[in-house]
There are 2 protein chains.
Amino acid sequence: MERFRAQKSDAMEKFRQAVNSGRVDEGILPLLEFINSLPKFYSTSSCSGRVTLLHDVDSKPDNSWLGKWHRQVQVDEVLKAMIDPPERGVVLFKYESAILHLVAREPEGAKKLLVIARESGYKRVGIQGLREGRYMVEICDTERIDVPVIEKGKVLVDEEYLKHLVKLANKKFRKGVGKLERLENNLRDNLGM
Amino acid sequence: MERFRAQKSDAMEKFRQAVNSGRVDEGILPLLEFINSLPKFYSTSSCSGRVTLLHDVDSKPDNSWLGKWHRQVQVDEVLKAMIDPPERGVVLFKYESAILHLVAREPEGAKKLLVIARESGYKRVGIQGLREGRYMVEICDTERIDVPVIEKGKVLVDEEYLKHLVKLANKKFRKGVGKLERLENNLRDNLGM
């Protein structure tokens, strides 16, 4: 189990740095703190869900964001972020649900995470690898919005439609927060000591 | 290994029925036939990717489709499917990339599937459970379109925008077909006997 301990120690150092510099979403912090308090588990990169304007130039390293919000958004701030439409590629208005990466020391722990995550309503849940001391479970969901709103400098949608998108994204965001709470409660109930 | 054999036998009966009644996408059939020819693997529910108009009434069992195409689409057929906008809920224009469920008899086989799928470009790949004789690997991707086009009987987007969506969906569809071919080749190269 030396690998688990060493890797958890590394991950915890990165986690502390991320927390201290405000790079961990507040909405997910209590859940991650709980997981990391357990001797046989820890968290790696995780996100509580977000609304973004992704500038997609068909080459992932060159993609960037016109806006990124780990919370509900307002139409005005989305419009403001779109004010200078990029000439190249496509801009997508996106809602992405939470994604969590949790590592279990043993296969039994990974199995428990699978069951708890599915019972909490997450649809895409799987173990990413079967290395001893590192059973990485990815937990995510199918709730999404991916709408092209700008193409080659041209805005494709009007303000009224953007209002619909924002309303829908905020609704999904609230639903996502509820699901995360359910997950946190179920983890505490089933993994707590 | 009795469980594996019995479950494969059941799955193969269902697979044959699905093939015979045309319910298996042609694009994915050679890949599934290959997997099922291997003694230590078989396939369960899988889809080669699809473009749909989903009528979402916020209750999954009551959701339905105004249109569903396991191929590239034309603007006219999408418009035709939207001709009678439902009064309740939302209609989403969606592109969903391929999703495969492959069962390995042993953990080593499941690990191989994980590696091959990731090397073929799939982003969401995980083992769904760790039951002896049934290591189910889910392979899917993050390429998606999810655009609300009708809400409570009202069409939210114009024809020009729908043309953009169709173009984008067809581009993603072609990309998805290429990725499936890569997966099939890599599976044949690495699991073939």
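Out of the residues in region B:130-164 meeting the condition of being assigned to a helix (DSSP H, G or I) and at the interface with chain A (Cβ under 7 Å from one of its Cβ atoms), tell me which one is modelled with the lowest pLDDT. Looking at the filtered set, the residue picked out is B:His164. Would you mind stating whether A:Gly67 is on the phi > 0 side of the Ramachandran plot and either in contact with a Ser or Thr (Cβ under 7 Å, 6 or more places away or on another chain) or in contact (Cβ under 8 Å) with a residue 60 or more places away in the chain (or both)? No: the conditions fail for A:Gly67.
For A:Asn186, the stated conditions do not hold, so it cannot be described as at pLDDT 95 or above, under 22 Å from B:Leu92 (Cβ atoms) and either facing chain B (nearest Cβ under 10 Å) or part of a helix (DSSP H, G or I) (or both).
In region B:94-121, the residues that are at the interface with another protein chain (Cβ under 10 Å from one of its Cβ atoms) reach residues that are in a loop (DSSP other than H, G, I, E, B) with C-beta atoms within less than 6 angstrom, at least six apart or across chains, in these pairs: B:Pro107/A:Leu130; B:Lys111/A:Leu130.
Whenever a residue of region A:12-23 is at pLDDT 90 or above, its partners that are not charged (D, E, K, R), lying with C-beta atoms within less than 6 angstrom and at least six residues away or across chains, give the pairs A:Ala18/A:Val24. Kindly indicate whether any position in region B:100-120 is more than 26 Å from B:Trp69 (Cα to Cα), in contact with a Pro (Cβ under 7 Å, 6 or more places away or on another chain) and modelled with pLDDT under 95. So far as region B:100-120 goes, no, none of its residues is more than 26 Å from B:Trp69 (Cα to Cα), in contact with a Pro (Cβ under 7 Å, 6 or more places away or on another chain) and modelled with pLDDT under 95. Inclusion of B:Glu33 among residues that are surrounded by 12 or more Cβ atoms within 10 Å (Cβ to Cβ) and part of a helix (DSSP H, G or I) is warranted.
The values are calculated or read from the model by the stated rules, or taken from the named source; none is laboratory data. The structure displayed is predicted, hence computed values, not measured ones. Note: ideal-geometry Cβ built from the backbone for every residue, glycine included; neighbour counts use all protein chains shown.
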